[in-house]
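Student: This is the structure I have questions about; it appears just below.
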Amino acid sequence: MEEFIMHRDLKKIISQMTLEEKAGMCSGLDFWHLKSVERLGIPEVMVSDGPHGLRKQDDKGDHLGMNDSIKAVCFPPAALSACSFDRSLMEAMGETIGREAQANDVSVVLGPAVNIKRSPLCGRNFEYYSEDPYLAGEIAAAFINGVQSQHIGTSIKHFAANNQEYHRMSNSSEADERTLREIYFPAFETAVKKAQPYTFMCSYNQINGTFASENKWLLTDVLRNDWGFEGYVMSDWGAVNDRVKGLEAGLELEMPGSNGTNDALIMEAVKNGTLKEEVLDQAVERILNIIYKYADHRAPQEFTMEKDHEEARRIAEESMVLLKNADQILPLKTSEKVTFVGGFAKKPRFQGGGSSHINCFKITNALEAVPADAQVIYAEGFPADKDLYDEKLASEALQAAKAADKVVIFAGLPDSFESEGYDRSHMRLPECQNRLIAEILEVQPNTVIVLHNGSPVEMPWINNVKGILEAYLGGQAGGAAVSNILYGIVNPSGKLAETIPMKLADNPSYLNFGGGDKVEYREGVFVGYRYYDTKQMEVAYPFGYGLSYTTFTYSNLQISNTNPTEKDTVTVSVDVTNTGNVAGKEAVQLYVKDMTASTIRPEKELKGFEKVQLAPGETQTVTMELDKRSFAWYNTQLQDWYAASGKYEILIGASSRDIRLSETIELSSSQVIPMHIHMNTTLGELFNNPDTKEAAKDLTSRYLAAMNGGSDTASESAAEAITEEMVAAMTDSMPLRSLCSFGGFSRTEIQEIIDKLQAIYSNPLK
């Protein structure tokens, strides 16, 4: 952690606090404030949502935090901003929010939210970055570094495995450790190691039967001991189950307060000896550390909301994803007669519902933002806020569509379809929208769809429309961003941070999402493209996909070391050329394919990305680095990340399905998975280990002799019955105990062999 401006003896301050004051520091004063201790110079500080803008509760607001918040700037929510694939952009967004927080005396911004998009149905997906843990972690770390550069804390959330809203305060996410470590933890881990957020927010749910708020393995063993987190952990609002257990597990701050109920339980536990006072003292020290970190760096400042509005527009422009552009229907020309259809053109849906909802000072819609000389007429067609087919509105839209050169339909999900607190039941757009889209396509083939949604939707019209722009939820300036992209003022460069499946039933969690007290993560590590690409399943649009108004070629793949060890860093470079006639940006993606067969793994995994800006004809070299983690999977036996020796393919692509260049490397690893030999160890397992291979050969020869009736030759009929292929397969899966029956060994002999072989692995597991 960086040096403070003022140096204090926190332990001395804590020694002067009463038990009541110490217990009180571990819970909120109200919905948004932490308690002060005036006599000791401990100030009252405020926390505030949110991940995509400041939701500071108005001083006159109610104690539940449900009344109006101050006017602020709504930046693009995570569902869109992650599609930028741009670390520097996210850092700049963080800096801007950090400055606004300083100006408004907010000490901690409650975000970013990095939960993995396990299912498109999760009602809060608009707040989350990606289905991919590497992308989510890199984007989150950049955002955190931006906010915290202004000496404002962040609270990364919701830790962990909070991937649905249904019974979110009580259900148990049932997942094996490898799945947690590879999919649901890494975004948090990357944030700690690359940005060290001031605080963590634990989630509501249980993990394998233990509430996150009192899960010592989660909050202490993993978060602090494995990753080195230094700040304090706060609860999600109302997430505390057992306060004393939570404090012992590593939950320092309960938010909001419990009107003193849980403070009293802490004091009672200290007094009766069931809670060590040192545990309470440590929690208070961690909280005070962050309070003073903010207080000592107070830098009240002015900011211009108008300027920040333009920054929000820039982020939206860099993030929106052009999915389809048949016949180069886009960009639109100002000379063309264009009809805008749909309530979202005038009243855009630009943020999600719930705790992160920003009270915007200004909202720009697409209709108002078109170029001054554009020939655009507007027909509502359908309302933006409900599923209602209106014959009159539809008729007007159809007439306007017929008379136009091109039509842009602003479709999307009303607020009621997705929000914090509940999940979607389907992936469909409102029926009134799909119906009118089909009707317009019958009279006007030159049609473009602009989508306003926090999560993917099914697109029954996908093959019939010529253009699709995925605008997601664009923040308060999203309307201007849409218009600028439609008219070619801005060249789109966003890439999908999640796969858009053809239909809901294709999603890997389809049969195990939502209902019940337990949610079983049966798909394991096969989440998002890891599943779709491994299954070679048809999707609407793959992860990492996005078009541009120009074209790019990739060439000259260079790898610094094609025979690395697991301790080496491998540098990968590739030349990217803009082969079109307009300037543009390309997000180059690096995937790794494990060819070692050391365990079941996805077809490929994202391990690097860089966004580059290129003028027409310009070439730039993009460089990315790979380390051990880029090749490794989490081995629960080792309790560590394991990169097996063998071949790995380095894949460079424009999406997970558009691989442009590849090269194979061979990794040499010094890591050894300890082998525990027992009666049910197979001959195949012995063959696959270099230390036991010779012993396996000897055992196998006796087994084969027995199979051939004690002879090396066999009759013709026996040869037909027992083929080489069958023998090889049976040998591979033959447990040692079976050699009593098929090899003439006694059980005592087999045990002696086991003891000799096991001596090789006398070192205990770490």
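Bear in mind these aren't lab numbers, they're just calculated from the coordinates by the rules spelled out. From a predicted model like this one, the values you see are computed outputs, not experimental measurements. For neighbour counting, all protein chains shown are included, and Cβ atoms are generated from backbone atoms with ideal geometry for every residue, glycine included.
Student: Grab the eigenvalues of the alpha-carbon gyration tensor for segment 552-667, scale each by 5, take roots, and send me the semi-axes largest first in whole angstrom.
Tutor: 30, 13, 11
Student: Using only the alpha carbons, work out the radius of gyration and Dmax of segment 253-298 in angstrom.
Tutor: When restricted to Cα atoms, segment 253-298 yields Rg and Dmax of 13.0, 40 Å.
Student: Pulled fully out, how much extra length does the chain show between residue 261 and residue 359, if you take 0.36 nm times their separation in residues and subtract their Cα-Cα distance? Show your work: numbers first, answer last.
Tutor: On the way: separation 98, 0.36 × 98 = 35.28 nm, distance 3.30 nm.
Once the chain is fully extended between residue 261 and residue 359, it gains 32.0 nm.
Student: Convex hull volume of the Cα atoms in the chain, per residue, in Å³?
Tutor: That works out to 200 Å³ per residue.
Student: For residue 326 paired with residue 391, estimate the spin-label separation in nm (one decimal), with each label point 7 Å from Cα along the Cα-to-Cβ line.
Tutor: Placing both labels 7 Å along Cα→Cβ, they lie 3.2 nm apart.
Student: First check a/c for segment 190-277, with a ≥ b ≥ c the square roots of the eigenvalues of its C-alpha gyration tensor; if it is under 1.5, answer rounded, and if not, answer prolate when a/b is larger than b/c or oblate otherwise.
Tutor: It comes out prolate by the Cα gyration axes.
Student: Would you work out the charge dipole size for the chain about its Cα centre, treating the Cβ of every Lys and Arg as +1 and the Cβ of every Asp and Glu as -1, and quote it to the nearest 20 debye?
Tutor: Values: 73 positive and 107 negative charges, 108 e Å.
It comes to approximately 520 debye.
Student: I need the per residue convex hull volume for segment 100-166, using only the alpha carbons, in cubic angstrom as a whole number.
Tutor: So the per-residue hull volume is 87 Å³.
Student: When the chain is fully extended, how far beyond the present Cα-Cα distance does residue 19 get from residue 301, taking 0.36 nm per residue of separation?
Tutor: My answer for the length gained is 97.8 nm.
Student: Would you mind working out the magnitude of the charge dipole of segment 415-484 relative to its Cα centre, with +1 at each Lys and Arg C-beta and -1 at each Asp and Glu C-beta, to the nearest 20 Debye?
Tutor: Computed charge dipole of segment 415-484: roughly 220 debye.
Student: Okay, next question. Any chance you could run the full-extension gain for residue 661 through residue 733? It's 0.36 nm times the residue separation minus the Cα-Cα distance, nm to one decimal.
Tutor: Computed gain between residue 661 and residue 733 is 22.1 nm.
Student: Among 171, 128, 635, whose Cα sits farthest toward the positive end of the charge dipole of the chain (+1 at Cβ of Lys/Arg, -1 at Cβ of Asp/Glu, about the Cα centre)?
Tutor: 128
Student: How far apart, in nm, are the 7 Å Cα→Cβ label points at residue 725 and residue 597?
Tutor: Placing both labels 7 Å beyond Cα along the Cβ direction yields 1.6 nm.
Student: Using the Cα centre of the chain as origin and beta-carbon charges of +1 (Lys, Arg) and -1 (Asp, Glu), tell me which of 574, 742, 202 is placed farthest towards the positive end of the dipole.
Tutor: Value computed over the given set: 574.
Student: Write down Rg/Rh for segment 310-541, rounded to two decimals, with Rg from the C-alpha atoms and Rh from the Kirkwood relation over Cα pairs.
Tutor: 0.97
Student: Between residue 425 and residue 746, how high is the FRET efficiency from 1/(1 + (r/R0)^6) when r is the Cβ-Cβ distance and R₀ = 51 Å? Nearest 0.05.
Tutor: Calculated value: 0.20.
Student: First check a/c for segment 333-397, with a ≥ b ≥ c the square roots of the eigenvalues of its C-alpha gyration tensor; if it is under 1.5, answer rounded, and if not, answer prolate when a/b is larger than b/c or oblate otherwise.
Tutor: Oblate, since a/c reaches 1.5 and b/c is not below a/b.
Student: Based on the Kirkwood radius over alpha-carbon pairs, what value in µm²/s does the Stokes-Einstein equation return for the translational diffusion coefficient of segment 422-574 at 10 °C and 1.306 mPa s?
Tutor: For these conditions, the coefficient is 84 µm²/s.
Student: Moving to a separate point now. First measure r as the distance between the Cβ atoms of residue 336 and residue 230, then evaluate 1/(1 + (r/R0)^6) with R0 = 56 Å and state the FRET efficiency to the nearest 0.05. Could you put the intermediate results ahead of the total?
Tutor: On the way: r = 57 Å, r/R0 = 1.02.
Once rounded, the FRET efficiency stands at 0.45.
Student: Let me ask something additional. Report the charge-dipole magnitude of segment 239-387 in Debye, nearest 20, computed about the Cα centre from +1 at each Lys and Arg Cβ and -1 at each Asp and Glu Cβ.
Tutor: 500 debye
Student: Report the label-to-label distance for residue 8 and residue 510 in nanometres (one decimal), using points 7 Å from each Cα along the Cα→Cβ vector.
Tutor: Rounded to a tenth, the inter-label distance reads 5.6 nm.
Student: Right, another one. Using 30 Å as the Cα-Cα cut-off, could you pick out the over-long pairs in 337/611; 307/604; 346/402; 333/604; 324/347? Intermediate values should be presented prior to the final figure.
Tutor: Details: 337/611 35 Å; 307/604 41 Å; 346/402 21 Å; 333/604 40 Å; 324/347 24 Å.
Over 30 Å Cα-Cα: 337/611; 307/604; 333/604.
Student: Could you check what % of the DSSP bridge pairs in the chain are antiparallel, to the nearest 5?
Tutor: 55 percent
Student: Using Cα-Cα distances under 8 Å and only pairs 6 or more residues apart, what relative contact order does the chain have, in percent?
Tutor: 12 percent
Student: Pull out a ≥ b ≥ c, the square roots of the eigenvalues of the alpha-carbon gyration tensor of segment 198-240, then state rounded if a/c is under 1.5, prolate if not and a/b is larger than b/c, and oblate in the remaining case.
Tutor: Taking the square roots of the gyration eigenvalues as a ≥ b ≥ c, segment 198-240 is oblate.
Student: Using θ = phi - 60° and the Karplus form 6.51 cos²θ - 1.76 cosθ + 1.60, what ³J(HN,Hα) does each residue of segment 586-602 get, whole Hz, x for Gly and Pro?
Tutor: 10, 9, 7, 10, 10, 10, 10, 10, 7, 10, 7, 6, 6, 6, 6, 9, x
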